[in-house]
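Participant: Okay, handing you the structure first.
Quick note: the coordinates plus some simple rules give every number you see, no bench work behind them. As the structure is a prediction and not an experimental result, all values here were calculated from the model. As a convention, Cβ positions derive from the backbone with ideal geometry for all residues, glycine included, and neighbour counts pool all protein chains shown.
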Amino acid sequence: MRKIEEQMCNAVHHNIDWHNSNTSVTYCEESGESKVYLHGNHIATVGDDFLQIFDGGWQSNTTKSRLNSLINRFCNGMTDGVHQHKFEWFIRDNNVTREFENGYIFA
C-alpha cells in the first residue's frame, strides 16, 4: 500500500479530516461517515458497517488503487476488490465477480 493510501485509511479509521496531494477525506460527525475524494471527485463513503464505492468519473489506475486500499482495510481484501480486464472494471464481493457499478456497497 502506498504511503498516501495508508494515511487516507488512517484518517477514515480515526474519523478525521485529512488532505494530501490529490486525495482528501472529510468526516461528517452527524452521519458518522467519511467521504474520500480523489482530485475533488467523490470515490468512496465509509460508514460504521459499509463501504460505498464510486469511480468519480475516472476509471484510472489511481482511483482503483485508492478503492482497493479502502477495501483491504475496511472489508475483506482476500475476497473483495476492484479489478480491470480488457479495459473494463469489475467488482469482486465475497469472491463473486460482477460488472462495476457506481455506488456499489460492501456491507
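Participant: Using a 10 Å cut-off around each Cβ, can you sort Ser34, Ser24, Ser69 from fewest to most neighbouring Cβ atoms?
Facilitator: Values: Ser34 26, Ser24 17, Ser69 22.
Least to most surrounded, the residues fall as Ser24, Ser69, Ser34.
Participant: Quick one: putting +1 on the C-beta of Lys and Arg, -1 on the C-beta of Asp and Glu, what dipole do you get for the chain around its Cα centre, in Debye to the nearest 20? Don't skip to the answer; put the middle values down first.
Facilitator: Working: 9 positive and 14 negative charges, 104 e Å.
Result for the chain is approximately 500 debye, rounded to the nearest 20.
Participant: Scan around Glu33 for amide H atoms under 5 Å from its own, H built in the peptide plane at 1.01 Å from N, and keep only partners 5 or more places away or cross-chain.
Facilitator: Close amide H contacts, sequence-distant or interchain: Cys28.
Participant: Starting with the fewest neighbours, write out Ile71, Ile53 ranked by other beta-carbon atoms found within 10 Å of each beta-carbon.
Facilitator: The order, fewest Cβ neighbours first, is Ile71, Ile53.
Participant: So what J values fall out for segment 35-47 if you push phi through Karplus, 6.51 cos²θ - 1.76 cosθ + 1.60 with θ = phi - 60°, rounded to Hz, Gly and Pro as x?
Facilitator: 10, 10, 10, 10, 6, x, 9, 5, 10, 6, 10, 10, x
Participant: Return the long-range amide H neighbours of Phe54 (sequence gap of 5 or more, or a different chain), with a cut-off of under 5 Å between placed amide H atoms.
Facilitator: Ala44, Gly103
Participant: Next up: Can you find, among Tyr104, Asn68, Gly32, the residue farthest towards the positive end of the dipole of the chain? Put +1 on the C-beta of Lys and Arg, -1 on that of Asp and Glu.
Facilitator: Asn68
Participant: Okay, next question. Could you give the angle, 0 to 90 degrees to the nearest 10, between helix 61-74's Cα long axis and the longest principal axis of the Cα atoms of the chain?
Facilitator: 70 degrees
Participant: With everything on Cα atoms, drop me the angle between helix 3-13 and the longest principal axis of the chain, reported from 0 to 90° to the nearest 10.
Facilitator: Approximately 70 degrees, to the nearest ten.
Participant: Sticking with this structure for a sec: Given all pairs of different Cα atoms, what value in angstroms does the Kirkwood hydrodynamic radius of the chain take?
Facilitator: Details: mean 1/r = 0.0734 Å⁻¹.
Kirkwood hydrodynamic radius for the chain: 13.6 Å.
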